[in-house]
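Reviewing the structure listed below.
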Amino acid sequence: MHSTRDIHPFDTGGRGTPLISAVSLSLLLLSASLAAASLSPAVAQSAAPTQQATAVSPDAIKQREEELEATREQQRKAAELQQKLKADIAAIGQDRSKLNQQLIDIATQVRSVETRIGETEAGLRPLDSREQAVRASLDSRRAEIVEVLAALQRAGRRTPPALLVRPEDALQSLRTAMLLGSVVPELRGRAEKLAADLGELVNLRRDIATKRDALARDRDRLKDDSVRLAALVEERQRKQSAVEKDMEAEGARAINLSRQVESLQGLITKMEQDLKSAAKAAATASLQGAPAAPNGKPNLGALKDPARLSPAIAFASARGLFAFPVNGRKIREFGGSDGAGGVEKGISLATKVGAQVTTPCDGWVVYAGPFRSYGQLLILNAGGGYHVLIAGMERISVNIGQFVLTGEPVATMGSTSQVASILATTASQPVLYVEFRKDGTPIDSGPWWAASEGEKVRG
């Protein structure tokens, strides 16, 4: 007598483990991943008219209330920050060294956050590209996904009849078992492939969300630090103006004098000869601008004194120690083509919009203002016959005659290039131009830049 046990077409034969269990797991993964990965564009489009036709819904009112509350919270935080800034500035009082140290510390922090933001944005680009590629692949296989899901659902729900109910049914069950014996492994393979792709998409979305959250936090921090830095710069310049009563008149006279010369060297000479504040700075630079280097090595410890009024390190002995004045990517080298048939006399750095510009070295400001095709130009007398020229900023925050320290904030980048020769080729991004001169002749600044982060001098 034959056994009346039902024959299941997915019986593996011997172990009693249904083959459909593995497939069902893939089905669950696929279903969950599909739900998490995306919404059908058709569904989104069909929902839009309904939302438009509906009056202001409770959800919309709630969202607006949340937005209003978020705005109030931002205002509260801004007010708290302003109060803290006032307290910090009041605590600094007339102590110049404390103010200088605060400026350098906050400027360093701002540039550090700028660096992290740049790195995060760079890390997001390949993730975004990969997500788009996986999405495109899955979208192109939407019909296959539907087919596999439908087949798996049919296979999972259909229970074969008992052998002895009717012979025809038994035969059909055998044929089905034979057919599914070749089809199910294929379905399982396809399901596993789709599940792997959807799993990668879910992981990518999680990684992207994590990086975007970090990016948002860094941008908020940069905003707060920039506000604090602006307040400290304003306080520095207020105190500087109190010391130099005629600073505003000197600045206006400097711009008038700059219109009388054609070249950068002519500008330097004119400033240091005819402008009182610049001439005083140049004279001081010639006397104090080249401190002795014991054993031929620079005294890096002198950089820790924020109250200094002359360079801590002789410019000539500071090779391999300077940090770029701004976070950016070098796009033009000294000695290369300037794009107009000439040769580059400095380097050009492509930067972010609004990037902070700091001084690579100690020095006296002998010019700060617009000049010819350079846009806003800052010239420092670093002593020992060396000058540092920085151009392309949107705004300069120091005055002629002022002594600035290594790492001190002196300017801010705009949204496009201000230098005419750069503007002609890369107008889409701000670019900073940096040039070193020795006794009036442009020199290669390459030997002065630090090769790694750890070698850069800090104030």
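The values are calculated or read from the model by the stated rules, or taken from the named source; none is laboratory data. Keep in mind that this is a model prediction, so the values were computed, not measured. Here the Cβ positions follow ideal geometry from the backbone for every residue, glycine too, while neighbour counts run over all protein chains shown.
Computed quantities for the displayed model
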item	result
Single residue of segment 303-334 satisfying the filter (within 30 Å of residue 395 (Cβ to Cβ) and among the small types (Gly, Ala, Ser)) that is surrounded by the most Cβ atoms within 10 Å (Cβ to Cβ)	318
Residue tally, condition under 25 Å from residue 105 (Cβ atoms), in a loop (DSSP other than H, G, I, E, B) and under 28 Å from the mean Cα position of the chain (by Cα), over segment 348-401	11
Close pairs from segment 347-368: first over 18 Å from residue 406 (Cβ atoms), partner assigned to a loop (DSSP other than H, G, I, E, B) and small (Gly, Ala, Ser), Cβ under 7 Å, at least 6 apart	347/445; 353/415
Sole exception among (1) under 30 Å from residue 239 (Cβ atoms); (2) at pLDDT 90 or above for residue 384, by number	(2)
